1. Name the residue that is farthest from the chain's Cα centre (by Cα), counting only residues in region C:5-29 that are more than 15 Å from C:I109 (Cβ to Cβ) and not in a helix (DSSP H, G or I).
2. Of all residues in region A:30-81, which are within 12 Å of another protein chain (Cβ to nearest Cβ) and small (G, A, S)?
3. Can we say B:I274 is in a loop (DSSP other than H, G, I, E, B) and either buried (at least 19 other Cβ atoms within 10 Å of the Cβ) or β-branched (V, I, T) (or both)?
4. One residue is enough: does region A:115-131 have a residue meeting the conditions in a strand (DSSP E or B), within 14 Å of chain C (Cβ to nearest Cβ), crowded, with 23+ Cβ neighbours inside 10 Å and in contact (Cβ under 8 Å) with a residue 40 or more places away in the chain?
5. Quick one: in region B:521-546, which of the residues that are assigned to a helix (DSSP H, G or I) and of a type in the set (K, R) is farthest from C:P56 (Cα to Cα)?
6. Given B:E686, B:E671, B:E639, which one is surrounded by fewer than 21 Cβ atoms within 10 Å (Cβ to Cβ), part of a helix (DSSP H, G or I) and more than 10 Å from every other protein chain (Cβ to nearest Cβ)?
7. Those residues that are surrounded by 21 or more Cβ atoms within 10 Å (Cβ to Cβ) and touching a Lys or Arg at 6+ places or on another chain (Cβ under 7 Å), I need them from region C:7-47; list them, please.
8. Give the residue, chosen from B:G134, B:G107, that is more than 15 Å from B:E29 (Cβ to Cβ), touching a residue at least 24 places away in the same chain (Cβ under 8 Å) and not hydrophobic (A, V, I, L, M, F, W, C).
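The values are calculated or read from the model by the stated rules, or taken from the named source; none is laboratory data. Worth saying up front: this structure is predicted, and the values here are computed from it rather than measured. Backbone-built Cβ (ideal geometry, glycine too); neighbour counts: all protein chains shown.
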Amino acid sequence: MTEVELKAFTRVVTQYFNNVTGTAAQLGLPYIKGERQETFDYTGVIGISGSRKGGVYYTAGKQLLEALGAFILGDEPLDDEALYDLVGELTNTIAGNMREIFGSNFLISVPIIMKGKIDDIVIKLKPPVFIIPIIWNGMNSHLAIGLE
Amino acid sequence: MEHSMLDIMWVIMAASLVFVMQAGFAMVESGLTRSKNSINVAIKNLTDLGVSLIVYWLVGFGLMFGLSFSGIFGTSEFFFDSGDAWPMVFCLFQAVFCSTAATIVSGAVAERMRYISYIFATILMALVIYPVFGHWAWGGALQGSASGWLAKLGFVDFAGSTVVHSVGAWVALAILVIIGPRAGRYKSDGTVAPLSGSNIPMAVLGVILLWFGWFGFNGGSTLAASENVAGIILRTCLAGAAGMLSALLIGWPLLKKPDVNLVINGALAGLVAITAGCHAVSAPQSILIGLVAGVLMFASSILLDKLRIDDAVGAIPVHLVAGIWGTLAVAIFGNPDILGTGLSPLEQLGIQGLGITVCGMWSFGVAWLVVKLINAITPIRVSQIDEANGLNKAEHGVSTEIYDLFSVLDQQAKTGDLSLRAPEEPFTEAGQIAGMYNNVMSKLEADTIAKDEYLQILHNVSDGLFLLDQDGVIGPYYAASLNKIFETDQLAGQKLSAVLARFVAEETRAVAEDFLQSCFDSRIAWRHLEKMNPLLDAMAYFDNGQGDFLEKNLQFLFRRLEDGSVVKRLLILVRDTSAEKNLSEEIEKTRELGKQEMEMLYRVMHVEPKTLQEFLDGLHRDLEAINGQFRAGEGNVHERLSQVFRLTHAIKGDAELLQLDFIGGKAEELENRVRELLKVSEPGGEEFLALTLLYSELASASTKLRELLQKWTGFQAQTQSIGFDGYLRQSLASMASRLASRYNKEVSLDASGLSLQFLSPQLRKPIKDILVQFVRNAVFHGFETPDVRGNQGKASAGLIQISGLRQDKMLVVRFRDDGKGLDTGALRQEAVKRGLMDSAKASAMSERDALGLIFQSGFTTVAVADSVAGKGIGMSLVRSLVKETGSSLSMRTKKGAYTEFVLSIPLSGAKQ
Amino acid sequence: MKLLIVDDSNIMRRAIEKYLTDFNLELVGTAGDGEAALQLFKAHLPELVTLDITMPRMDGLACLDEIMRLRPETKVLVISALKDPSTGLQALRKGAKGFLAKPFSPEEIRSEVQQILGLSS
């Protein structure tokens, strides 16, 4: 990973929030993921292959996803299924947008979505895994990037 | 009663028309049944004509029209003969009526009733059932006055809706109930299988003949060439037409198609219904009667199927249901004057109903009893095999060429046996078709065997072999292994470029598409093109649906298949080379790894293993601590950065001590970056990214080193030989001289009086770290260059003395250098310059406080920092280590003479 | 005019439907993958289709090929997170009338659909 690539990832995320909600997300201090599992309520994982190998995941709490969903769908109620869906879509958009930087050979898989604390998601991510805290409207979430 | 010649002529003609109806029935019934039974049905029609004529003449006619016994049956005129014209005409006319009734049965029970049984049924009909009921309704007609008991009650059935049609149909119904449905007609799921007629056009012609015959059937029933005949025939036609229309109108929308049976049986139902009252109704009424008959026919045929009564041609709905309706319609519409019964319409209806009921009880009853009896003696139904093979063959040993052809085709479809050949009957159309068919089969059989072998190969070859046509489409036969290689099924007919797009990266796919196009361009020489194969070693990525990719190395090899100068197809071979590729990459990786490890090993070889282990443990802790600072979501960013700065600095120091440049270098990069960041007032997440990146490199270097160390377990053995103290002395000395040479200084280090070996490793490290900082400080700040020292009368090499002394529960470590000492004046000036205090306060500061300045973070007197000094970090690290170990530190200095640190460490264990 | 919405995200399908309410299109169905989309397409032959690319079973580009084969005049708006120019170009070359990168705002999709339908904005 290079600084430029990491920055591109973070920019995609902050812009996502800006584009959808009008409020850009803030970056927290990034760090390297250790043994500990650090996920929130909902996590979308995407495998990366082709020009780069590894994976990314985006994980966020219920509250944040509900607030974000409200921006997209207005007052329509969001059930659990919809929150799954949303975190998957968000992960997919982040990874998909990265093709602008990494090119067409940056292949992204269909996202899989998990709930709760998960143990095996790291296997798709190649260490060192960078955890970038994303704060939006005071609510925390993480983007984790692990590419060779 | 006198009959004119005209009457006689008309009745002869009418009888002829009714006779023609036999042809009509034969055509309708055999047309509506399957070809394997068509001959049998036709033969039955002809047979029942002959049998019924003889039997009726013998006995039936007498029973029907002989002198009545109490209105129940006739008793004379058996073996009928007469010298007069009229009785003979009358007998002829009645005989063909009887045959009509008899022949109705054959269609209903078609395709399953044995021929012999059917003859019995015909005899029963012509001998008893028809004549007796006929007597009840029509008896006395020969004598000119009604003598039958029903007729006397006022029952009117002008031409036989009940007497002829219902009687025939009742008998058919009785047999149907006993004989059961045709094989395969009703499925277990309740649906009705259509058993299609063999020759519908013939059935249609049959209906037209029947219709034509009805002119005589109804028109002749006046038994005179009277004026009524014209009206009767017109009304007959109208009712037939109306029946057809109404059946069509109601059936078409319900069945979603104008079904053949609707048209055929609708018309017949209208004709049957008008038969009873055609002499006594008006033309509009006849249409109404026909309309209702068509609807009833349609409804009742559905009902029959619901009851699972399998009427092969629809005889029951047409002859029984429409017949009953027609008989009742006499009472409803009939002109009482013409009927001449003297009954009120309601009474008439009652009598009509009575006649219908009696007819049913008699005809159905007798037929059921007798047929049941016969069936008990000998089955009236053919065997299952005969039914399956068809009654043409089974009953008569005859067949139609077209049927034979169908049998072979059917057999072939069922068994897939390509060696079967159709019988080639010369001079028939079917035979010619069979001949052509056999030719096609012979060719196909030969090709199929060849193809079979080809397919066998394709099924078993492990490489993905296939043909690509000019449109870039994969051919219908390809190696089964291709499915596995491409992780897809049903590749035949798909465009290769579309298939590739699913798993090959876009750039490769685009080039491949160009390449494939060029392959079909014969102007481009193959020898060039062959070398440009973009898929010779292509990566394929298959999304496994679990957030991950399955990766394969695929090798595509191409061959042109040319026809003349045109490239018709490409022969393509695909191999999954992942295993080979992985192996060679693995080997390469291992080799590369081995090289790296050797290099690294070379760099660490000089380090005493136990020390190295301790260094690594410490490094690990420090790295965790640094990441912990990054991770700790809250707190002052500057403070956290300062912590990171100190920790990194310590790592750098340790690494330099052990000459581990690859770690020291990374640590320094990180340290520099932190320093940059400390200058930014509000560093944000983005600025931290680079930091995290550098950190990850440092961490991975540490991990690599640790892995290496674990591998070289042989290190353990060496551990004992030098010991920690020896190693510490050695490494401090060598670090001092290395640093010294960097600044063109000379130094000698004496640590012989120092022993830390008895301490716990937790305590050894901080003390060692402190000593490292002291050494750095001494070399950089303390010592003068050799010439300066010479001028001052000192030895050219600076001297560092380190000693350790155990006192009670304390270890007192003394560190002394004979350098230039600390200049408190310079320290005071620097403090003012940095804005830490104003000059008044600086000069007022005690000597001790001034010296304390060097322990402040970021404080330095050096203008340009490098990796050894000038960052103001070393002494602040010392301060925090002192605090961490619960030690105390004192210092003394004399300008131009020495600097001395005394470190007192409690041995009871460091407080945390 | 009939509309078909194809996206593997239910939220996005609902969002697109909501954002396009004002166009008075008759929504004939929504699909979460290419195969389901083709079924619906064959059954209803919608004039306008919004099409995601990254989807399970059959992806959007393969689905686009099929749609163009079945009814070339169909107006397809590809809406994808794949922002690289090559993907966009590929979609347009295959016959898509528009390409919209995710994430998008309601205004962006409305303006894109307006352009595609040839309505003056």
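1. By that ranking, first place goes to C:N24.
2. If the condition is that a residue be within 12 Å of another protein chain (Cβ to nearest Cβ) and small (G, A, S), then A:G34, A:G44, A:G47, A:S49, A:G50, A:S51, A:G54, A:G55, A:G69, A:A70, A:G74 are the ones that fit.
3. no
4. Checking region A:115-131: not a single residue is in a strand (DSSP E or B), within 14 Å of chain C (Cβ to nearest Cβ), crowded, with 23+ Cβ neighbours inside 10 Å and in contact (Cβ under 8 Å) with a residue 40 or more places away in the chain.
5. Top of the filtered list is B:R527.
6. Being surrounded by fewer than 21 Cβ atoms within 10 Å (Cβ to Cβ), part of a helix (DSSP H, G or I) and more than 10 Å from every other protein chain (Cβ to nearest Cβ) holds for just one of B:E686, B:E671, B:E639, which is B:E639.
7. Within region C:7-47, C:D7, C:G34, C:P46 meet the criteria.
8. B:G134
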